[in-house]
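Okay, structure first, notes after.
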Amino acid sequence: MLYKCVALLDMDAYFASVEEAKNLSLRGRPFAVIGNGERPIVISANYVAKSFGVKTGMVITKARKLCPKIIFVKADFSQYEFTTLKIIQLVEKYFPVYKEASIDEVYIAVDSIGDVSYGVERLKELKEEIKEKLNLTCTIGVGRNPIIAKSACELAKPDGFFVVQDFEEFAKDLPIKNVTGIGKESEKILERLGIGTLEQFLNDKRLDGLSGFQKLKTLILKEYTESEFFKFVPPKSVGHSLSLDRHVSNLDELLEVYKYLTFGLYAKLLRGRMGAKSVSVYLKDRFGSFSISRSFIFYTNDFLLISKVVENLVEKLFKGYPVSKVGISLNNLKLIDGVQSSLFWDEQQKRFKKLAEFENIFFGGYFVLRTKKIV
């Protein structure tokens, strides 16, 4: 099936917004989410901090120089993964055809449910429900293909909703720097040629001989999107690593860290309806970096099974020396149906299945990590 109306749903300042939803005292104050480790950088800034010039990828010393009152919050990637799972569940409630572009972006086939105007109204309802259920805002751009949808979305940020109904008018006013697919180097080339809008870009014959620009023109002018665009291809593996703020020498504390990392990967498996055939565990202590793996008999997304195997691997790998970095990867992934349960851990599995429900859930390991200040 060909889709002639595509939307991009993009969460606003996603990691920062999730942190603000958890801690309302951050509202209205400049803050940024930073990575872990000895030299963390900004990975997400709220719009107050952005107004001072704070950007993703900036070192914290520069961010503090630009904004002396900025607050830094350590990233909680497992929580972000689980929040995305909640968002995807809401998307599925309204639209059967979609594609995750990243942890905070989802392309949606608007006309997969029939009339375009009806689909647009459903998008508005989806946007409102995300705000109501999760206390998060998003921006939605709608166009005839993914590039137009993303360009419209970027133009409407933050907390916007923009439907491109007249493409010619849209192209006439859209600055070329806001067109998806135009990077900084391309923008410099086009500026030297006197091309400043999308309309000029599409009509300038001097670009026809340049394969990169010609390909982008073709994609922009497409009036449909193939169903293959929305097909999900599972990655070969998913992983999560964490540099600890202090060295951990206690096995029980270390297992809590690994359990929480497993929680984030579990959310990824559920979102992609994937199962893993093997798991690898990694740690770094003063003597070097070490890893160990184990294969499953079958593909699984059973949280308790994966968590138990991770626990056994960590116990084998840990030699009692202070650990500075940990990691987990789930490998050889495959699409499977449903959430698997364990015969022997049925009652515990019910507890973890609640993670997929729409409620304010905080995983047990989260509190342990915060209380003991491991990360």
P(r), alpha carbons of the stretch 231-304 - 5 Å bins starting at zero, rounded %: 3, 12, 24, 24, 16, 11, 7, 2, 1
Span per principal axis, largest first, for the Cα atoms of the chain (Å): 67, 50, 42
Packing rank of 289-296, 236-243, where each peptide gets the mean count of other beta carbons within 10 Å, highest leading: 236-243, 289-296
Cβ-based charge dipole, the stretch 117-258, positive-most Cα from GLN165, PHE229, LEU210: LEU210
Dipole-positive endmost among LEU66, ILE108, TYR14 within the stretch 7-157 (Cβ charges, Cα centre): LEU66
Cβ-based charge dipole, the chain, positive-most Cα from LEU193, GLY320, ILE148: GLY320
Choice from ILE189, ILE43, ILE147 with maximal GNM fluctuation in the chain (Cα, 10 Å cutoff): ILE189
Nonlocal amide H pairs with LEU244, under 5 Å, H built at 1.01 Å: LYS325, VAL326
Counted charge near TYR321, where neighbours are those whose Cβ lies closer than 12 Å (Asp, Glu -1; Lys, Arg +1): +2
Dipole moment magnitude, nearest 20 debye, the chain about Cα centre, only Lys, Arg, Asp, Glu C-beta charged: 1480
Accessible area (Å², per residue) of the stretch 174-314, counting only protein heavy atoms and a probe of 1.4 Å: 51
Rounded if a/c under 1.5, otherwise prolate or oblate - the stretch 187-260, Cα gyration tensor axes: prolate
Nonlocal amide H pairs with ILE41, under 5 Å, H built at 1.01 Å: GLY35
Total formal charge among the other residues, if their Cβ is under 9 angstrom from that of GLY275, Lys/Arg +1 and Asp/Glu -1: +2
Solvent-accessible area, 1.4 Å probe, carbon plus sulfur percent, for the stretch 26-103: 56
Summed residue charge, Cβ within 15 Å of THR225's Cβ, Lys/Arg positive, Asp/Glu negative: +2
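Hey, which of these cross-link pairs are over 21 Å Cα-Cα: LYS62/LYS157; LYS259/LYS319; LYS55/LYS177; LYS50/LYS217; LYS124/LYS215; LYS231/LYS268?
LYS62/LYS157; LYS50/LYS217; LYS124/LYS215
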Helical mean residue ellipticity (222 nm; -39500 (n - 2.57) per DSSP H run of 4+; nearest 500) of the chain: -12500 deg cm²/dmol
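Given a 1.4 angstrom probe, I'd like the percentage of the accessible area of the stretch 161-247 that is carbon and sulfur, rounded to a whole number.
The C+S portion of the solvent-accessible surface of the stretch 161-247 is 52 percent.
The values are calculated or read from the model by the stated rules, or taken from the named source; none is laboratory data. All figures in this text were calculated on a predicted structure; none of them were measured in a lab. Because the Cβ atoms are built from the backbone with ideal geometry, glycine has one as well, and the counts that use them run over all protein chains shown. Please note that ligands, DNA and RNA were not included when accessible areas were found on the heavy atoms of the full protein model with its side chains. Shrake-Rupley method; radii C 1.70, N 1.55, O 1.52, S 1.80 Å.
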